[in-house]
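In what follows, a structure is listed as structure tokens, so that the remarks can point back to it.
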Number of protein chains: 2
Amino acid sequence: MATKKLASWALALQFSNLTQPVTEMAVKSIYNWAGCAIGGYALPPAGVALEAQTALLPQHSGNCSILGTDAFVDVQTAALVNGIASHVDDYDDTHADTPVHPSGPVASALLAVAELRAPVSGADFITAFVAGVEAECKLGIAVYPEHYDIGWHITSTTGTIGAAVAVGKLLGLDLEQLQHAISIASIQVIGMRDSFGTDTKPFHVGRAAQSGLLAAFLAKNGYGGSLEGLEAKYGWAHVVSTRQNVSAELSTLGSTWEITKNTFKPFPCDRIIHAAIDGWIQIHDQAVKKGLSIDDIKNVTARVNPMVLSLTDNHDPKTGLDAKFSVYHVGAVALIYGEATPAQFTDGVVKNSTVITLRDKVHVTADKGVSEHEAFVAVEYANGTKLEVHVEQALGSIEKPLSAKQLKDKFLEQVSAQIGEKQAAAAFSAFSQIANMTDVGKIARQFKRQT
Amino acid sequence: MATKKLASWALALQFSNLTQPVTEMAVKSIYNWAGCAIGGYALPPAGVALEAQTALLPQHSGNCSILGTDAFVDVQTAALVNGIASHVDDYDDTHADTPVHPSGPVASALLAVAELRAPVSGADFITAFVAGVEAECKLGIAVYPEHYDIGWHITSTTGTIGAAVAVGKLLGLDLEQLQHAISIASIQVIGMRDSFGTDTKPFHVGRAAQSGLLAAFLAKNGYGGSLEGLEAKYGWAHVVSTRQNVSAELSTLGSTWEITKNTFKPFPCDRIIHAAIDGWIQIHDQAVKKGLSIDDIKNVTARVNPMVLSLTDNHDPKTGLDAKFSVYHVGAVALIYGEATPAQFTDGVVKNSTVITLRDKVHVTADKGVSEHEAFVAVEYANGTKLEVHVEQALGSIEKPLSAKQLKDKFLEQVSAQIGEKQAAAAFSAFSQIANMTDVGKIARQFKRQT
């Protein structure tokens with residue numbers, strides 16, 4: 001009954017059911033996603049995918065935006081490309097109880113559909129968004145960690161289903177159609193950890209958005225599927241994980257709101273290394289005050305959760321994307337620049353000789369006794385000084401969230417770089433007030449790119 | 001090195017490397033696929049998918065055919081819809097060493113690309129097709145049966161990769177690009193057995209074709225991915241199966257040709273029940289000679305491989321698609337009609353009261369000692385007569401293949417029903433002589449549908 005439970009809950013959900021913490025987090029999630037998508041278009045993958053996709057669609061037109069550009073395309077291309085852009089910086093959001101980055105697959109699909117099927121009100125958009133995010137995160141909990149440990153990228157494997165639920169709700173599917181949509185989405189399992197550090201990682205998110213969207217439109221057109229895609233013996237949960245409790249997790253829909261556990265990344269890289277970065281930036285600031293120089297660093301260490309080395313043990317990153325999965329690279333840039341923003345993950349910085357020299361001095365040990373949001377970091381200097389920091393909770397974790405101001409600054413910094421400060425302010429205004437809109441489909445027209 | 005091995009072998013493969021048994025089987029596979037795709041368009045899923053897809057692509061144009069219609073669409077839609085149509089009847093082909101139906105994902109992608117990037121010669125088309133089929137089948141062997149037993153639909157899970165290899169070869173990717181294409185394809189794992197009996201099963205094949213095609217075009221445009229998508233710790237083989245020997249299987253590329261083990265279905269339903277159908281049709285023929293009536297049947301039995309009940313234990317099918325996975329339905333129609341063609345799998349026949357009455361008299365027992373291509377069937381009549389048949393090798397198995405005439409008749413029967421006898425003959429002529437064509441992209445224009 002899991003599939004039916006999810007579908008019926010999603011269809012029954014109304015904006016008036018959402019408490020203020022839920023809508024507030026939904027709006028933050030949506031504008032954080034939009035900022036990442038607009039900013040992320042600057043990196044190659046989204047543009048390459050857009051070019052490949054449009055070359056295959058002769059003379060087509062569309063009214064769905066590629067965020068951060070003035071391009072309008074068909075709904076599936078928009079979902080794909082915005083999804084790629086929103087994840088390419090690894091700067092998006094993270095569900096506190098799993099490594100699911102919830103907004104990318106759902107919002108990338110929904111915004112495209114809101115533009116195609118205007119008018120969609122802000123209230124309806126947010127309600128559908130919450131339904132999709134709850135679906136993803138409940139499913140994520142139901143199969144985590146086994147599913148992730150074996151190698152699936154849980155963001156996109158659950159994201160296809162989240163996107164189908166959200167789009168299906170927006171399209172007004174009936175119960176059986178939404179069950180079919182969930183089934184069609186469930187058999188498209190997108191994303192493996194082997195792609196991390198390559199263009200294919202953000203493709204997971206875009207393709208999940210696009211695939212879930214297609215599942216919903218197929219079901220709307222009468223395309224059939226299983227009614228039990230999630231729980232059947234040969235269905236999603238059993239096939240993708242050695243352990244699952246989908247039915248139990250879905251029974252908490254509407255009582256435990258997963259979206260309230262969403263967190264936002266302060267650094268554009270895998271969140272598993274955020275605690276160490278946080279600590280190394282603190283050491284950078286202390287060193288500046290003490291007048292200690294980068295050149296005098298003898299040794300850099302971190303004692304961290306074992307998942308850090310499982311995901312980011314890359315001594316020799318070649319590209320900016322690669323470097324997002326290198327604990328050594330982030331150690332070097334945090335100590336040199338005192339920050340870790342998209343500017344520290346360019347191909348140029350990765351090849352910078354000062355960065356490389358310091359990267360080689362970083363040594364990391366895994367300790368099961370250290371939590372995923374915790375890190376013990378230290379730096380030893382030639383003069384014998386040793387600076388140490390114990391980060392108990394990384395910045396951006398649920399215990400130490402970004403403030404509203406930090407979130408806004410993050411948005412403006414990313415978006416200004418792509419479309420200019422004036423348009424960035426307009427974009428922030430539009431997305432942060434999305435709840436009041438009567439036609440979300442018009443949103444991208446409020447901040448056209450500076451040319 | 002598995003991914004690199006597959007990519008480099010595929011790129012090096014030339015038409016002149018293909019022995020006569022290989023090219024002969026490739027041509028049969030291609031025309032059997034085309035017959036299934038043209039005939040399969042008569043069932044709802046392909047048309048529903050075409051309608052859904054084109055509604056999402058405003059004012060687009062294209063020059064890729066939907067087989068069995070006069071529609072021309074973009075390359076991705078053609079791959080999707082032809083793939084669906086080619087598999088919806090469960091009448092396509094089967095690799096003898098696995099349950100992989102090889103042609104659908106590969107040919108559906110390739111024909112669309114041959115129309116987009118004309119001219120593609122018949123020799124190049126066949127060479128790319130063989131590369132894709134070898135990729136699918138080697139990967140299938142490498143993870144079978146564990147991967148299938150857990151619930152994956154092995155045709156589409158390997159098919160995405162096969163399509164990427166075939167299209168990548170046709171597009172002239174370089175080695176690294178083809179490795180990227182394989183990686184992008186590998187992380188799109190499409191198809192679970194829970195969909196069997198629904199519209200979503202043929203969607204697996206269409207979506208695999210489309211997803212592999214997209215992977216190849218993305219890589220062609222410079223989209224990056226892992227170089228080790230198949231063999232990496234968190235890559236395809238380890239993630240989708242508890243056992244795998246991808247490297248060992250790929251080492252036999254070019255020495256053992258999987259395509260020579262392709263077989264063609266004589267009955268439009270799961271091949272696991274073909275042996276029993278074969279036997280029941282033989283009993284039907286004996287009964288006719290003896291003047292025994294359907295109404296006098298007391299009991300129908302089959303002793304079969306346990307996989308029969310695992311896949312087709314459906315006592316109460318509701319639709320024609322459902323009935324393709326009902327050993328009871330096929331028993332009834334084989335005994336009533338003396339054949340099992342698409343005409344015995346319509347919704348009307350499934351609801352026919354004579355069929356239902358006889359279906360309820362069919363009893364099936366699983367026996368591990370019976371092979372997948374074997375069946376012991378029997379029918380008891382009211383007058384005490386008992387007719388028994390032991391099918392050692394089902395018609396259509398590698399030991400008892402369809403003859404060239406049977407294959408041609410199968411093609412003409414399916415295709416005539418959709419586009420008329422004259423066009424069917426023209427279509428057979430075109431596809432069976434594909435090796436001599438200088439521009440495969442023109443093939444569909446040789447048999448336009450009668451209107």
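Excluding ligands, DNA and RNA and using a 1.4 Å probe, chains B and A jointly bury around 5000 Å² of accessible surface, summed across both partners. Pairwise alpha-carbon distances in segment B:190-295 exceed 17 Å for 76% of all pairs. Other residues lying with their Cβ under 12 Å from the Cβ of A:PHE196 contribute a combined charge of -2, Lys and Arg counting +1, Asp and Glu -1.
In whole angstrom, how far apart do the alpha carbon centroids of segment B:43-79 and segment A:173-206 sit? Here the answer is 22 Å between Cα centres. Per residue of peptide A:235-246, the mean number of Cβ atoms on other chains within 10 Å of the residue Cβ is 3.
Protein heavy-atom accessible surface, 1.4 Å probe, per residue over segment B:271-391: 41 Å².
What value does segment B:27-82 have for Rg/Rh, both radii from Cα atoms and Rh as Kirkwood defines it? When Rh is taken as the Kirkwood radius, the ratio is 0.99. Think of segment B:293-451 as a dipole: +1 on every Lys or Arg Cβ, -1 on every Asp or Glu Cβ, centred on the Cα centre; then among B:THR301, B:ASN383, B:ALA430, B:ALA430 lies furthest on the positive end.
For segment A:99-250, the relative contact order is 31 percent, taking Cα pairs closer than 8 Å that sit 6 or more residues apart in sequence and dividing their mean separation by the residue count. Note on the protein assembly as shown: dipole from Cβ charges, positive end direction compared against A:PHE345, B:ALA142, A:GLY331; the farthest Cα belongs to A:PHE345. Using Cα-Cα distances under 8 Å and only pairs 6 or more residues apart, what relative contact order does chain A have, in percent? Averaging sequence separation for qualifying contacts and normalising by length gives 20 percent for chain A. Distances between copies at B:GLN59, taken between label points 7 Å from Cα along the C-beta direction, are 1.0 nm in increasing order. Electrostatic tally near B:GLY168: other residues with Cβ closer than 15 Å to its Cβ, Lys and Arg +1, Asp and Glu -1, net 0. As a size descriptor, the averaged projected area of the C-alpha convex hull of segment B:329-426 was calculated at 8.6 nm². So if I take the centroid of the Cα atoms in segment A:333-402 and the same for segment B:333-397, what is the distance between those two points in Å? Here the two parts' Cα centres lie 69 Å apart.
Ignoring any ligand, DNA or RNA, what whole percent of the accessible area of the protein assembly as shown comes from carbon and sulfur when the probe is 1.4 angstrom? In the protein assembly as shown, the share of accessible area belonging to carbon and sulfur is 50 percent. Placing one equal scatterer on every Cα of segment B:271-391 and applying the Debye formula, the log10 ratio I(q)/I(0) at q = 0.09, 0.14 Å⁻¹ is -0.20, -0.50.
The value of relative contact order for segment A:271-391, using C-alpha pairs under 8 Å at least six residues apart, is 41 percent.
Taking all protein chains as shown and a probe of 1.4 angstrom, B:SER86 keeps an accessible surface of around 0 Å². Reducing segment A:261-321 and segment B:406-426 to their Cα centroids gives an inter-centroid distance of 66 Å. Against chain B, whose longest principal axis comes from its Cα atoms, helix B:75-88 is set at around 20 degrees.
Taking GluC sites (Glu not before Pro) as exposed when their DSSP state is a loop state and no more than 16 other Cβ atoms lie within 10 Å, the longest site-free interval of chain B runs over B:1-338. Peptide B:223-230 is shielded by partner chain Cβ atoms: per residue, an average of 6 of them sit within 10 Å of its Cβ. Semi-axis lengths, largest first, of the ellipsoid equivalent to chain B are 37, 24, 19 Å, with √(5λ) applied to each eigenvalue of the Cα gyration tensor.
Peptide packing for B:435-443, B:74-82 was compared via the average number of neighbouring C-beta atoms within 10 Å per residue; ordered from the highest value, the list is B:74-82, B:435-443.
Hey, could you get me the Stokes-Einstein D for the protein assembly as shown, Kirkwood radius over alpha-carbon pairs, 10 °C and 1.306 mPa s, rounded to whole µm² s⁻¹? Rounded, D is 56 µm²/s. Packing, taken as the mean count of other beta carbons within 10 Å per residue, orders the peptides B:198-206, A:299-307 from highest to lowest as B:198-206, A:299-307. Partner shielding of B:50-59 amounts to 6, given as the average count of beta-carbon atoms from other chains within 10 Å of each residue beta-carbon.
The values are calculated or read from the model by the stated rules, or taken from the named source; none is laboratory data. The model shown is predicted, which means the values in this text are computed figures rather than measured ones. All Cβ positions, glycine included, derive from the backbone under ideal geometry; neighbour counts span all protein chains shown. These accessible areas exclude ligands, DNA and RNA; they are computed on the full protein's heavy atoms, side chains included. Shrake-Rupley method; radii C 1.70, N 1.55, O 1.52, S 1.80 Å.
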